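Visitor: This is the structure, below, for whatever I ask next.
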Amino acid sequence: MTNASITSASTNHYRDARNRFVTVDNIRFAYRELGAYRELGPHGGTPLVLLNHWGAVLDNFDPRIVDRLAASHRVIALDYRGIGLSGGLAPVTIDEMASDVIAVISTLGFATVDLLGFSLGGFVAQDIALKAPGRVRKLILTGTGPAGGTGIARVGAVSWPLILKGLLTLRDPKTYLFFTSTPNGRRAAKDFLARLKERQLDRDKDPTPRAFLRQLSAIRAWGRQAPQDLSQINIPVLVANGDSDIMVPTSNSRDLARRLPNAELVIYTDAGHGGIFQYHAEFVPKALAFLAA
């Protein structure tokens, strides 16, 4: 049973949303929710569950994106098992992570949800849509790719030198991993990282090195496994990415759009893995129109 309240949230800003918890099979999962639920339209009442990237905690969701989505949707941001304030041991497969999210959705009492998955979260979202098709109404896949996709198994090899570069230059590694090295990319990185620091109180816990490495194992396994039959995902899907993604190469987004029967593809120019953060002012209206259609 859940110990979470599912009444209307008292905040309209993600930076102020309180940390909530739901217990599933003796594991406590942390999440935040916001949105004026009683005032939402027919589809706005369908919860939009946000699934984040490798090593991400609740404080890594872009507040500009979350706030604008929550203006017309009930939004729930979730910490995976073993990450941040969630308990348990981080899974080493996408399969386990997807099963966790399905269990959380069920325990919270939601019959149907929309999913927005970024990077690792996009892997998990695809797997959920295949495992529990009746649970998912619409799917938004950003900065992500399919099982067995090009270069996904090499995320660690690509990332470690840039993580080290971040340490040596005293910059957040996401500066190099998520954004291009152009003036536009550097400006977008600075703005995005500043937004992530807006929340001052009750911040989430940083991921442990063990959890970080276990999630990387899950990503590698996803990149090496056999392709899934994405033709089974018949719901509407919005696929978005930057044109210069070095973590999950942009070709994977095009591959997803080709293989999903009801997909729409958006590629942002001069943008990397974090294209939706750089182009948040364009992405959110697109996402809202997609969810409302």
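Just so you know, all these numbers are worked out from the coordinates, no wet-lab data involved. Quick caveat, the model's predicted, so the values are computed rather than measured. In this analysis, Cβ positions are derived from the backbone assuming ideal geometry, glycine residues included, and neighbour counts consider all displayed protein chains.
Visitor: Which far-off residues, 5 or more places away or on another chain, put their amide H under 5 Å from the one on L34, with H placed in the peptide plane?
Guide: V75
Visitor: Which trypsin sites (Lys or Arg not before Pro) from segment 157-208 combine a DSSP loop assignment with at most 16 other Cβ atoms within 10 Å?
Guide: R171, K197, R203, K205
Visitor: Still on this structure, please answer the following. Kindly identify segment 14-292 as rounded, prolate or oblate by the Cα gyration tensor criterion: order the square roots of the eigenvalues as a ≥ b ≥ c, call it rounded if a/c is under 1.5, otherwise compare a/b with b/c, prolate if a/b is larger, else oblate. Provide the component values of the computation, followed by the final result.
Guide: On the way: a/c = 1.19, a/b = 1.13, b/c = 1.05.
Rounded shape, in that the Cα axes give a/c under 1.5.
Visitor: When the dipole is taken about the Cα centre of the chain, and only Lys, Arg (+1) and Asp, Glu (-1) are charged at their Cβ, what size is it in debye, to the nearest 20? Show your work: numbers first, answer last.
Guide: Details: 34 positive and 26 negative charges, 75 e Å.
Here the size comes out at about 360 debye.
Visitor: I've got another one for you. Quick one: Cα centre-to-centre distance for segment 149-204 and segment 252-270, in angstrom?
Guide: Each part reduced to its Cα centre gives a spacing of 23 Å.
Visitor: Go through segment 112-118 residue by residue and turn each phi into a ³J(HN,Hα) via Karplus (6.51, -1.76, 1.60, θ = phi - 60°); whole Hz please, and just put x for glycine and proline.
Guide: Taking θ as phi minus 60°, the curve returns 9, 9, 9, 10, 10, x, 10 Hz for segment 112-118.
Visitor: 5 Å is the cut-off here: which amide hydrogens, built 1.01 Å from N in the peptide plane, fall below it relative to T144, excluding neighbours closer than 5 in sequence?
Guide: Here the answer is S119, since their amide H atoms fall under 5 Å of that of T144.
Visitor: Now for a different question. Obtain the nm distance between the two label points defined at T112 and D191 by a simple spin-label model: each point lies 7 Å from its Cα along the Cα-to-C-beta direction.
Guide: Reported label-point gap for T112 and D191 is 3.5 nm.
Visitor: Assuming a strict under-23 Å limit between Cα atoms, what lysine pair count do you get for the chain once near-sequence pairs (fewer than 8 apart, same chain) are dropped?
Guide: 9
Visitor: Normalised by the residues of the chain, what does the relative contact order come to in percent, with Cα pairs under 8 Å and at least six apart?
Guide: Numbers: 635 pairs, mean separation 58.2, N = 293.
Relative contact order here is 20 percent.
Visitor: I'd like the Karplus ³J(HN,Hα) series for segment 153-165: coefficients 6.51, -1.76, 1.60, θ = phi - 60°, whole numbers in Hz, and an x wherever there's a Gly or Pro.
Guide: Working through the residues one at a time gives 5, 9, 4, x, 4, 6, 7, 4, x, 7, 5, 5, 4 Hz.
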